[in-house]
1. Checking PHE20 against (1) farther than 21 Å from GLU154 by Cβ; (2) touching a residue at least 40 places away in the same chain (Cβ under 8 Å); (3) touching a strand residue (DSSP E or B) at 6+ places or on another chain (Cβ under 6 Å), which single condition isn't satisfied?
2. Would you check if ALA100 is within 22 Å of the chain's Cα centre (by Cα), closer than 30 Å to VAL208 by Cα and aliphatic (A, V, I, L, M)?
3. Would you check if there is a residue in segment 70-77 being out of contact with any His (no Cβ under 9 Å at 6 or more places or on another chain), within 30 Å of ALA345 (Cα to Cα) and not assigned by TED's automatic domain parsing to the domain that holds ARG260?
4. Collect the residues in segment 332-355 that are more than 16 Å from the ligand (Cβ to nearest atom) and not in a helix (DSSP H, G or I), keeping them in residue-number order.
5. Given the conditions (1) more than 16 Å from the ligand (Cβ to nearest atom); (2) without any contact (Cβ under 8 Å) to a residue 24 or more places away in the chain, which single one is not true for ALA253?
6. Consider VAL134 carefully, then state whether it is more than 13 Å from the ligand (Cβ to nearest atom) and open to solvent by 20 Å² or more (accessible area, probe 1.4 Å).
7. Could you look through segment 263-284, keep only residues that are without any contact (Cβ under 8 Å) to a residue 60 or more places away in the chain and in contact with a helix residue (DSSP H, G or I) (Cβ under 7 Å, 6 or more places away or on another chain), and pick out the one that is nearest to the ligand (Cβ to nearest atom)?
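The values are calculated or read from the model by the stated rules, or taken from the named source; none is laboratory data. All values derive from a computational prediction rather than experimental measurement. In this analysis, Cβ positions are derived from the backbone assuming ideal geometry, glycine residues included, and neighbour counts consider all displayed protein chains. SASA here: full protein model, heavy atoms, side chains in, ligands and nucleic acids out. Shrake-Rupley method; radii C 1.70, N 1.55, O 1.52, S 1.80 Å.
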Amino acid sequence: MDYQKKIMDLLQGQVAPLRFDPQRGVEFIDQRKLPLEKNWIKASSYEDIYHIIRDMVVRGAPAISIAAAFGMALTFDSSLGQPDQAEVSHYRHELGRARARLASSRPTAVNLFWALDRVQEAFDAHFSKIAENVLRRADVHQFLLEEALRIWAEDIESNQAMSAFGAGYLPDGGVLTHCNAGALATGGLGTALGVIRKKFHDSGKIHVYVDETRPYLQGARLTAYELFEDGIPITLISDNMAAMVMSQGKVQAVVVGADRIAANGDTANKIGTMGVAILANHFHIPFYVAAPLATFDLQTFSGREIPIEERASRELTHIQDRPFTAEYPVYNPGFDVTPSSLISAIFTEQGVIEKPSRESVAHFFAKIMKSVPQS
Ligand code: MRU
């Protein structure tokens, strides 16, 4: 399968956080600079990818997972001066080192760990079947590159599927979103913004209130940019205006993305999401989460066990590297956890979990596992 062509067909010119061609390799749009500057940063090694994720050149749970898969593949780029041939066990060892480094880049989005496991499993399944023990480095690189491209293509397809499920839940009128769960946070299209795009495409009757999303401003910089470029009507608000616009009847639904969903449906997402959910419940406004199955962490019992990244204090004291206050003590958790009791439904690529709870999440996964043919 030509995954590169498939991705181009799926994107249809839509913005994406990365681009790839065999000659130029993989490059990421520098999301720290958007929308004022559009710079592309090339990644040549897993160490480059580690920095690209950690420094938030690329961010958003599914986009991080795709970057990590490319990081695993780049471990075997023959231009890095390693011998052309080696035993499978040697490559496995190198892959383990890359995996550990990439896993230490950011802690909260479980999609990162999902992608690292998936690439490792693909490597093990494929190379344990091969008779010869000595392999060309270029072949290992090519195999893992294909896997990274496959993960990217599948992510866009999953966004399309969850958008189709979710759009029917959005009433006509105002929708509020927090952070950026759009094309830039995924392989393309987006999770929450995919649902919004589909609703706009189907009925045109949508107006999006975009939370600026302090302190890193993913809403003001990325969500506003993406939706505005697509001609979708938006109004940018600061986070502390959400209660006001809800009280004025301007918001009929909220839809956000997710970084990790525990077995009981508790959902970690960008800091401030829980506050939006509390407000939505107060005003009897449905609160929806859109996320692929890769965002579920069924090993994690509840939201309490989800690791929350603490970020640099500069994010609160500076804007674009310029201080606007003194160096006071700062607390800067990057995410918070919305209890499942505040969530009306979770949209996934395989269907919708209404009123998420330990029981409804378990029931949903039991149902989809049954529909997967056992080999
Ligand atoms: O710190 P970020 O920008 O990586 O956080 C991103 C979010 O919280 C998104 O809402 C989440 O990853 C979902 S992206 C489809």
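1. (1)
2. no
3. Among the residues of segment 70-77, not one is out of contact with any His (no Cβ under 9 Å at 6 or more places or on another chain), within 30 Å of ALA345 (Cα to Cα) and not assigned by TED's automatic domain parsing to the domain that holds ARG260, which makes the answer no.
4. PRO339, SER344, ALA345, GLN350, GLY351, VAL352, ILE353, GLU354, LYS355
5. The number of the failed condition is (2).
6. The answer is yes for VAL134.
7. Taking the candidates together, the pick is LEU279.
The rows are residues; the columns are (1) more than 24 Å from ILE261 (Cβ to Cβ); (2) small (Gly, Ala, Ser).
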{"residue": "ILE52", "(1), (2)": "yes, no"}
{"residue": "GLY60", "(1), (2)": "no, yes"}
{"residue": "HIS90", "(1), (2)": "yes, no"}
{"residue": "LEU95", "(1), (2)": "yes, no"}
{"residue": "ARG101", "(1), (2)": "yes, no"}
{"residue": "VAL119", "(1), (2)": "no, no"}
{"residue": "PHE123", "(1), (2)": "yes, no"}
{"residue": "LEU145", "(1), (2)": "yes, no"}
